[in-house]
Structure formats: structure tokens, C-alpha cells
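Written out below as C-alpha cells is the structure these notes cover.
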Amino acid sequence: MRLYAIGDIHGQREMLRAAHSRIEADRAACGDADAPLIHLGDHTDRGPDSRGVIDDLLAGMGAGRPWRSIRGNHDQLFLDFLSVPDADDPRFGKADWWLQPNLGGDTTLGSYGVEVTADYDFFHLQAQARAAVPEAHVRFLDTLPLTYETPDLFCVHAGVRPGVPFDRQKKEDLIWIREDFLWDERDHGKLVVHGHTPADVPENHGNRVDLDTGAGYGRPLTAAVFEGRNVWVLTDDGRVPLPPV
């Protein structure tokens, strides 16, 4: 079974369009218009055009392209910011933290025409954002699944809790986990395809493949194709094998 995947987008609309073009070229070479394409989460934040990214994804999905998106921690932070009702909500701390420049919520809101000033009032800013973010974008965020599976692959944003069956994984781990997953060398039953932890280049560790190559920091956005557990990175010149290391 063939499957395409794209790492963390982080508001990089032009990079996403280029990645889609590389995938379309591979589809044409394979004669496979129906293989699913999975966007591995973190569609928003840091990059210049989070709104444009979501617009493009909704347009492609609406046109019937076999595209899927799963939820990243940054997507969750954006959704929490829009939905937290008051400072007593346990999500409030992270929602406020999301507005800091290192998290990139300020650039996401900027793409919707909402400026985050140094002396912002959280709930006034939230009201502005609620008025500016289209309802279709809120629905997109709110309906993002946490995972996508095939017989060979388990696609997730951050990773899995080792030793825990896939159907018993906790949301917090699926969108936030790092060290406990990254340093575990056991086979998880399926090859785990993930992003979340930026690497200089795509990495295949045999039990997991990391496709986050730091687009949120201006580095490349990686697109890859899987056939069973075999993986190739897609470049402008075609496929480059990504064997386990």
C-alpha cells in the first residue's frame, strides 16, 4: 500500500504547495491518484501564512483530493486559545503561552489580521481572533483526528508511549511526547511515522520515521512516500531512498 506524508508545515504555505507538487509528480510517475496523503500536524504557527495553509488544505479536501490531516500540539494550542472560556479553565496557561514568539501563535493570528501587542489583554485578543478566524477553520481544527493507520504504518504527530497498544494511547502523548518515545528502540508493531521533533534531515530509525525537518524555522518541508515500511524522500529530481540507520 502506498502512502504519502508531509512533516510539520508551521504556516509555510509556499513550501506546502511545493511539497504537494513533488507528490503530484510522483503520483503521475506511479499512475496512482488515490494513495492517501497524510499531513502530520502542526499546520499552524511560526511561519508567515497559517491561514493560507488551512485555506489550501480545505480547498484540496473539498475538491476530493485524498488528503488527510492529523492533529499536532500547535493545532491544539490554537484551538484551545479560541475556545478557553476563562482563566479558571485548565487550558488557559498553555493558551496564553501560545502567544509568545517562540511558540508562534502571534504569527498565526497575524495571518488572520489580528496583531498581538506587547501589552495584549488575553480575552480582548481572543474576541478579536474569534471574529477573524473563519468558522470553517475552527471546524478543521476541532475535527482533526489524532492518528491515521494502515496495515504497516501508524501516523501520528509526536509519537507513542512505548509498550502501550495503539488503541490505548493517550492524546497528550500522541501530540506532545518526545524522549520516552524517541530513545526507545523496540519495534512498535507498525512503523511509526511522525513529526514534532525537528531534525536536520528526515530520519528513519527502523521503528519510526521523523519527517519534521524544521519548516517552522525556515528549513525545508519534507514530503515522503511509503510503500509498506519502505520510504523515499521526494525531491525535485524524484525519489531518494531513506533506509533505516
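The values are calculated or read from the model by the stated rules, or taken from the named source; none is laboratory data. Because the structure is a prediction, the values reported are computed rather than measured. Note that we place each Cβ from the backbone using ideal geometry, even for glycine, and neighbour counts take in every protein chain shown. Heavy atoms of the whole protein, side chains included, go into the accessibility calculation; ligands, DNA and RNA do not. Shrake-Rupley method; radii C 1.70, N 1.55, O 1.52, S 1.80 Å.
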Checklist line | Filtered residue count, segment 85-137, keeping only those that are over 21 Å from ASP42 (Cβ atoms) and either touching a Ser or Thr at 6+ places or on another chain (Cβ under 8 Å) or among the β-branched types (Val, Ile, Thr) (or both) | finding: 1
Check: When only residues in segment 58-72 that are out of contact with any Leu (no Cβ under 8 Å at 6 or more places or on another chain) and either among the aliphatic types (A, V, I, L, M) or within 20 Å of PRO220 (Cα to Cα) (or both) count, which is surrounded by the fewest Cβ atoms within 10 Å (Cβ to Cβ)?
Finding: ALA63
Checklist line | Selection count, segment 214-245, where residues are of a type in the set (Ser, Thr, Tyr) and open to solvent by less than 60 Å² (accessible area, probe 1.4 Å) | finding: 2
Note to self: For the condition in contact with an Asp or Glu (Cβ under 8 Å, 6 or more places away or on another chain), under 25 Å from GLU172 (Cα atoms) and in contact (Cβ under 8 Å) with a residue 60 or more places away in the chain, what is the one hit in LEU103, LEU79, LEU109, LEU146?
What the structure shows: LEU79
Next item on the list: Look at GLY113 and say whether it is of a type outside the set (A, V, I, L, M), within 19 Å of PRO145 (Cβ to Cβ) and modelled with pLDDT of 95 or more.
Entry: no
Notebook entry, point to check: Going by the structure shown, is THR108 among the polar types (S, T, N, Q) and open to solvent by less than 10 Å² (accessible area, probe 1.4 Å)?
Noted result: yes
Next item on the list: Sort out which residues of segment 124-161 are hydrophobic (A, V, I, L, M, F, W, C) and part of a loop (DSSP other than H, G, I, E, B), and write them in order of number.
Entry: VAL133, LEU144, LEU146, ALA158, VAL160
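Residues are listed down the side, and each one gets a yes or a no for (1) open to solvent by less than 60 Å² (accessible area, probe 1.4 Å); (2) within 23 Å of PHE226 (Cα to Cα):
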{"position": "MET1", "(1), (2)": "no, yes"}
{"position": "ILE6", "(1), (2)": "yes, yes"}
{"position": "ILE23", "(1), (2)": "yes, yes"}
{"position": "ASP96", "(1), (2)": "yes, no"}
